[in-house]
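The next block holds one structure in the form of structure tokens; read it before the comments.
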């Protein structure tokens, strides 16, 4: 189809509108593609398939109300006058269970991998920060060493000058 | 922004974030991590999100910048492990339909980051030029130029491969 | 009952420890709190990369707890945690291992030995929009702990002429 050829040329020039591109996609999906344009079918198929890729379900949605529930529970216990020691024990235990988890803005995310990756990133970040502040100092030391080298040369020159002067004096 | 609004406005964008991250990083696992990171960051700053006019553009731009940071950091250490590397078609390889799709994905991933990001934002996500310009912090014109370059490059490679396949078939 | 309550009240006013500081602020919504404890083997291998010595170090770490405050670094909560932290460092037998400053960023690393060869390392970082407290505990010496922050085995040592490994 001549129209499709032209549209495709326009597409490769980057001049098609979103609607025109939809038209092209439909065309290639239809299966009724001319032999010369057939080689481009897969390209549009790729675009079509990629839109279906999805993220893993994000974690923050999970366990939204857990914190609130915990608070209410503790308050109830206190009000019913059950041994205060029990309440305190429970309170202490909750945030400090040995599991790996994260609490982001009051929401608990019980995911070991997430917690581990977070820690990994943080530690790497500290590494970067330290190296950043160390490098200028290391650089200055290096520069200092470089600067000192010409001084050594100067000393050599002075020695030579002295030798020369001695020669001149002797000649006199 | 409270958690309800966040769940309704930001969380549904995760799939788009993922596809963008995957396109930039060329690695599915890293992309998943990057998305999690972004969601956490956005959640921590959810109070500021109310003032943002274009939430979609703003968050997509944040995703891209986060990924570019990852690439920058990784450059200093080890090589970024990509899911696929593109190489010229071996004349002895058969090209089947499924293979071709894989190879075209490779071709796209092999484009420079900006080009592959732009071509996917347009041809997969169907975003307008002005939106893409906002996300990439470029002018619409620059986006247009990169888009056509990307498409031309892919076309070139497709034609090239097709030629090689034909040569092989004639042998 | 009231006797028990009284005793608990008394214990509640005891001096702040690192543990209690973490407990307190992990409950605060403005903070992000992450803890990694048992089973750090997996984690160890990922972080240490290909550095064999690093892996050994990491496997000695028992737990890592991180408290992070984003964006509110000029507020009163920042002041209060900093004050409490200073007190904890003062009274808790910590020594300063590293103090680094660079363009508005600060890193302080404190270290102390506790009972049974255990050690605590406390890393305090302050950047423009983020304040972090990282608490690592395990059976490691100061040198071993510092090794985790070196780049590929090069220790952070300014006074060596060449490269150090």
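So what is log10(I(q)/I(0)) for the range A:2-50 at q = 0.21, 0.28, 0.30, 0.31 1/Å, when the Debye sum runs over its Cα atoms only?
Taken in order of the listed q values, log10 I(q)/I(0) reads -0.69, -1.23, -1.37, -1.42.
Where the centre of each part is set by its Cα atoms, how far does the range A:1-57 sit from the range B:109-144, in angstrom?
Using only Cα atoms, the two centres lie 17 Å from each other.
Counting other C-beta atoms within 10 Å, which of C:91, C:82, A:112 has the fewest, and how do the rest follow?
Ordered from fewest to most neighbouring Cβ atoms within 10 Å, C:91, C:82, A:112 come out as C:91, C:82, A:112.
What's the long-distance tail for chain B, i.e. % of Cα pairs beyond 21 Å?
Summing the P(r) of chain B above 21 Å gives 54 percent of all pairs.
Helix-only mean residue ellipticity at 222 nm, chain B, DSSP H runs n ≥ 4 weighted -39,500 (n - 2.57), per residue, nearest 500. What is it?
Counting only the DSSP helices, I get -24000 deg cm²/dmol.
When a footprinting reagent is the concern and you count Cβ atoms within 10 Å, what order do C:29, C:84 take, fewest first?
Starting with the residue having the fewest Cβ neighbours, the order is C:29, C:84.
Return the average number of partner chain Cβ atoms within 10 angstrom of each residue Cβ along peptide B:45-55.
That works out to 1 on average.
Starting from the Kirkwood Rh over alpha-carbon pairs, what translational D in µm² s⁻¹ does the range B:6-54 have by Stokes-Einstein at 20 °C and 1.002 mPa s?
189
What is the distance, in nm, between label points placed 7 Å from the Cα along the Cα-to-Cβ direction at residue A:121 and at residue A:36?
That separation, rounded to one decimal, is 5.1 nm.
First measure r as the distance between the Cβ atoms of residue C:84 and residue B:29, then evaluate 1/(1 + (r/R0)^6) with R0 = 51 Å and state the FRET efficiency to the nearest 0.05.
It comes out at approximately 0.85.
Count, for each residue of C:21-34, the Cβ atoms from other chains sitting within 10 Å of its Cβ, then give me the mean as a whole number.
Rounded to a whole number, the mean comes out at 5.
What is the fewest-to-most order of B:8, A:125 by other Cβ atoms lying within 10 Å of their Cβ?
Ranking B:8, A:125 by Cβ neighbours within 10 Å, fewest first, gives B:8, A:125.
For labels at residue A:128 and residue A:5 in the simple 7 Å Cα→Cβ model, what's the distance in nm?
Result: 5.3 nm between the two label points.
Could you work out the relative contact order of chain B, using alpha carbon pairs under 8 angstrom and six or more residues apart, expressed as a whole percent?
24
Using only the alpha-carbon atoms, what does the range B:1-83 span along each of its principal axes? Please give whole angstrom values in decreasing order.
Per principal axis, max minus min of the Cα coordinates gives 39, 20, 18 Å.
Each value in this text was obtained by applying a stated rule to the coordinates, not by laboratory testing. Computed from a predicted model, the values in this text were never measured in an experiment. Ideal geometry is used to build each Cβ from the backbone, glycine not excepted, and the neighbour counts take in all protein chains shown.
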